[in-house]
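Visitor: Have a look at this one.
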Amino acid sequence: MEDDMQTKLLAETPEDLSYAAELIAGGQVVGFPTETVYGLGADACNPEAVRRIFTAKERPADNPLIVHISDMDMLSQAAASIPEPAFRLAERFWPGPLTMIFKKQPWIPAETSGGLDTVGVRLPDHETARAFIRACGKLIAAPSANRSGKPSPTTAEHVLEDMKGRIPAIIDGGVCRCGVESTVISFETDGTPRILRPGFVTKEMLAVVTGNVLLDEALFRALKPDEQAASPGMKYKHYAPKAEVLTIDGSFENFCAYLEKHQGDGVFAMISNSESKCFPYPHLAFGDTPEEHCQLLFSRLRDADAVGAKTVYVRMPKPDGVGLAACNRLLRASAFRIIRV
Ligand code: TXA
Ligand code: MG
């Protein structure tokens with residue numbers, strides 16, 4: 001596409017938010033902050049506006065968008081039937097980084113739902129995100145604001161990098177608190193939640209509310225060629241910088257030995273801050289706790305390109321709690337290539 005539009009950076013002020021709302025009313029696309037990652041918002045019920053999101057992102061048309069609401073009473077505008085556990089989960093985790101999939105209302109267009117009869121809904125825990133949606137007074141469809149396949153954006157600068165010239169405005173809300181996208185769940189016929197994408201709302205946290213929780217088994221492996229994905233996003237390449245990403249699973253000692261053997265032009269390691277203190281080769285550090293790993297992960301993958309990395313060997317964090325979200329994104333960034341050392 002031609003990148004010839006002027007992209008304005010907006011502030012989190014009432015004036016700028018009403019300007020952003022005018023753009024949305026005119027069928028345009030606006031980048032906005034949430035607590036997870038930046039979103040690329042448009043009127044969820046305007047097919048032409050939604051098509052502009054797909055064009056700006058170069059996203060495959062069968063990958064559905066999450067519909068964002070600012071208040072609980074907007075839920076029924078998007079969802080046609082709501083299983084009972086969803087109300088208890090909303091009570092506990094909304095506003096927050098949880099997306100729930102429901103049967104959609106008939107007026108949610110196929111463009112938004114990727115042709116499915118369901119819709120993912122999220123009430124974000126970010127003041128500006130909610131103020132923006134309220135100013136629009138509409139359901140806001142929004143995928144992550146990266147170009148399809150690239151790491152999700154956690155700052156307005158990241159959005160600008162990918163969307164400059166493609167969208168009229170980005171609301172700058174600083175750095176995203178979580179850094180990875182929301183937990184996505186669907187419901188089994190008996191109301192049991194199934195995690196389709198892990199995030200800051202963990203399996204353990206969901207289980208406190210609903211008892212049983214299922215983890216979709218396709219989370220940790222590539223789909224087979226003829227396999228139907230529970231979530232269309234599962235089948236696409238994701239989160240990859242230009243550099244080749246490989247995940248390494250094993251002790252730090254073995255990781256160091258492996259990296260020593262594989263030194264070369266453009267080779268970088270991605271390790272925790274504490275490990276980086278005694279690591280003699282080029283590296284990027286992504287925090288120490290699972291929460292920090294999530295918060296810094298996409299930013300560091302973008303940094304990998306900025307420093308000219310050709311290959312990035314990432315030391316796999318532990319897949320416990322929030323760490324599962326970091327592992328899932330890294331596995332996808334590396335196209336499920338794990339080196340066990
Ligand atoms: O944190 C987030 O969820 C961010 C912010 C902007 O809210 N949004 C986000 O959207 O990550 P996106 O489009 O990048 O990822 C949405 C994922 C995709 O993998 C998509 O396939 C899946 O959710 N999804 C959306 N609607 C679905 C549906 N009706 N059924 C199954 N999967 C769905
Ligand atoms: Mg995305």
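Visitor: Scan the range 160-172 and tell me whether some residue there is near ligand 1 (Cβ under 10 Å from one of its atoms) and at pLDDT 95 or above.
Guide: So far as the range 160-172 goes, no, none of its residues is near ligand 1 (Cβ under 10 Å from one of its atoms) and at pLDDT 95 or above.
Visitor: Taking strands (runs of 3 or more DSSP E) that fall entirely within the range 160-264, which contain at least 2 residues that are open to solvent by 50 Å² or more (accessible area, probe 1.4 Å)?
Guide: 193-197, 244-249
Visitor: Quick check, is residue 138 more than 11 Å from ligand 1 (Cβ to nearest atom) and surrounded by 16 or more Cβ atoms within 10 Å (Cβ to Cβ)?
Guide: So residue 138 fits the description; yes.
Visitor: State all residues of the range 79-103 that are part of a helix (DSSP H, G or I) and in contact with a Ser or Thr (Cβ under 8 Å, 6 or more places away or on another chain); if no residue qualifies, say none.
Guide: 85, 88, 89
Visitor: Take residues that are closer than 14 Å to residue 143 by Cβ and aromatic (Phe, Trp, Tyr) and tell me which of the strands (runs of 3 or more DSSP E) falling wholly in the range 1-54 contain 2 or more.
Guide: So the answer is none; nothing clears 2.
Visitor: Here is a further query. Looking at the range 13-59, which of its residues are more than 20 Å from residue 298 (Cβ to Cβ), within 17 Å of the chain's Cα centre (by Cα) and open to solvent by 10 Å² or more (accessible area, probe 1.4 Å)?
Guide: Once the filter is applied, which keeps residues that are more than 20 Å from residue 298 (Cβ to Cβ), within 17 Å of the chain's Cα centre (by Cα) and open to solvent by 10 Å² or more (accessible area, probe 1.4 Å), the range 13-59 yields only 54.
Visitor: Of the residues that make up the range 49-61, is at least one within 25 Å of residue 103 (Cβ to Cβ), more than 16 Å from ligand 2 (Cβ to nearest atom) and touching a residue at least 24 places away in the same chain (Cβ under 8 Å)?
Guide: Yes, there is a match, as at least one residue in the range 49-61 is within 25 Å of residue 103 (Cβ to Cβ), more than 16 Å from ligand 2 (Cβ to nearest atom) and touching a residue at least 24 places away in the same chain (Cβ under 8 Å).
Visitor: Any residue that is charged (D, E, K, R), in contact with a helix residue (DSSP H, G or I) (Cβ under 8 Å, 6 or more places away or on another chain), open to solvent by 10 Å² or more (accessible area, probe 1.4 Å) and closer than 25 Å to residue 172 by Cβ - is there at least one of those in the range 124-131?
Guide: no
Visitor: Among (1) under 17 Å from residue 85 (Cβ atoms); (2) over 23 Å from the mean Cα position of the chain (by Cα); (3) surrounded by 17 or more Cβ atoms within 10 Å (Cβ to Cβ), where does residue 268 come up short?
Guide: Condition not satisfied by residue 268: (1).
Visitor: Then there is this: Failed condition for residue 207, given (1) within 16 Å of ligand 2 (Cβ to nearest atom); (2) at pLDDT 95 or above, with all others met?
Guide: Of everything listed in (1) within 16 Å of ligand 2 (Cβ to nearest atom); (2) at pLDDT 95 or above, residue 207 misses just condition (1).
Visitor: Pull up the range 98-120, narrow it to residues that are within 15 Å of residue 85 (Cα to Cα) and open to solvent by less than 20 Å² (accessible area, probe 1.4 Å), then point me to the one that is nearest to ligand 1 (Cβ to nearest atom).
Guide: It comes out as 99.
Visitor: Go through (1) within 19 Å of residue 184 (Cα to Cα); (2) in contact with an Asp or Glu (Cβ under 7 Å, 6 or more places away or on another chain); (3) open to solvent by 40 Å² or more (accessible area, probe 1.4 Å) for residue 147 and report which single condition fails.
Guide: Result: residue 147 fails condition (1) only.
Visitor: Which of the residues that make up the range 292-308 are outside any helix (DSSP H, G or I) and open to solvent by less than 10 Å² (accessible area, probe 1.4 Å)?
Guide: none
The values are calculated or read from the model by the stated rules, or taken from the named source; none is laboratory data. Note that the coordinates shown come from a computational prediction; the quantities given were computed from them, not determined experimentally. Cβ coordinates were reconstructed from backbone atoms using ideal geometry, including for glycine residues, and neighbour counts include every protein chain displayed. Only protein heavy atoms, including side chains, enter the accessible area calculation; ligands, DNA and RNA are left aside. Shrake-Rupley method; radii C 1.70, N 1.55, O 1.52, S 1.80 Å.
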